[in-house]
Amino acid sequence: MAAKYIVSLVFIVVYILFGNEIGFATNSHLWTHFTYSLQHASILHLVINTLVFINVFRTMEHFASWGELLIAIYVCAVAASFMAVKDVPTVGASGMIYALLGMVSVIVAFNKSTPKQKLTFFCSIGVMLLVSYFNSNSNFMVHLLSFCAGIIVWILRGKLDNHLNNILWKQLIS
């Protein structure tokens, strides 16, 4: 689906038109919590986040609709921003990316990958979070909270799907 490319185009347009003033910080306006994930601090930041976003989103499109994914990851990133305010403005799509990675983590944990593949995946996530933790230009709490929110959303989505399938099955049997 084209959604991932449209979102990427929005990242580029926002980068061109706006500065870091739409990022959230301690004294910023409420609305900046809803805009920060569209802005990026540099062209390198924009390129890396865009490429990662497209690839992880592409993976998740096999498991959910693009609309469901966009709403879920955006809500996760916004919610995380309210619990991770810093004095320096936070910008970037990494909150949404970490929410996607949280969702992927649930799938990887329960799929038929080998233990070595699972270990490699989860160690990679761990390394990314460690780099975020020790990088003073990164908002580690947004990353961690978005990742955890993605896990929770995906687990709840699975439980809801199972519940709805059970209801449907019972209706078919009766």
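Overview of results
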| read-out | value |
| --- | --- |
| Residues satisfying the stated conditions in the range 18-77, i.e. surrounded by 15 or more Cβ atoms within 10 Å (Cβ to Cβ) and touching a Lys or Arg at 6+ places or on another chain (Cβ under 6 Å) | 57 |
| Filter pass, residue 137 being part of a loop (DSSP other than H, G, I, E, B) and either among the hydroxyl-bearing types (Ser, Thr, Tyr) or at pLDDT below 90 (or both) | yes |
| Restricting the range 136-150 to residues that are among the aliphatic types (A, V, I, L, M) and surrounded by fewer than 24 Cβ atoms within 10 Å (Cβ to Cβ), the residue that is farthest from the chain's Cα centre (by Cα) | 141 |
| Which numbered condition residue 18 fails, given (1) touching a residue at least 40 places away in the same chain (Cβ under 8 Å); (2) of a type in the set (Phe, Trp, Tyr); (3) over 18 Å from residue 139 (Cα atoms) | (1) |
| Failed criterion for residue 71 (all others in (1) free of Cβ contacts under 8 Å to residues at least 12 places away in the same chain; (2) touching an Asp or Glu at 6+ places or on another chain (Cβ under 9 Å); (3) of a type in the set (A, V, I, L, M, F, W, C) hold) | (2) |
| Number of the condition not met by residue 40 [criteria: (1) touching a helix residue (DSSP H, G or I) at 6+ places or on another chain (Cβ under 8 Å); (2) in a loop (DSSP other than H, G, I, E, B); (3) more than 18 Å from residue 143 (Cβ to Cβ); (4) not basic (Lys, Arg)] | (3) |
| Residue match in the range 79-97 (condition: free of Cβ contacts under 8 Å to residues at least 12 places away in the same chain, among the aromatic types (Phe, Trp, Tyr) and exposed (fewer than 15 other Cβ atoms within 10 Å of the Cβ)) | no |
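The values are calculated or read from the model by the stated rules, or taken from the named source; none is laboratory data. The structure presented is a predicted model; accordingly, all values stated were derived computationally and were not measured. Neighbour counts run over all protein chains shown; Cβ positions are idealised from the backbone, glycine included.
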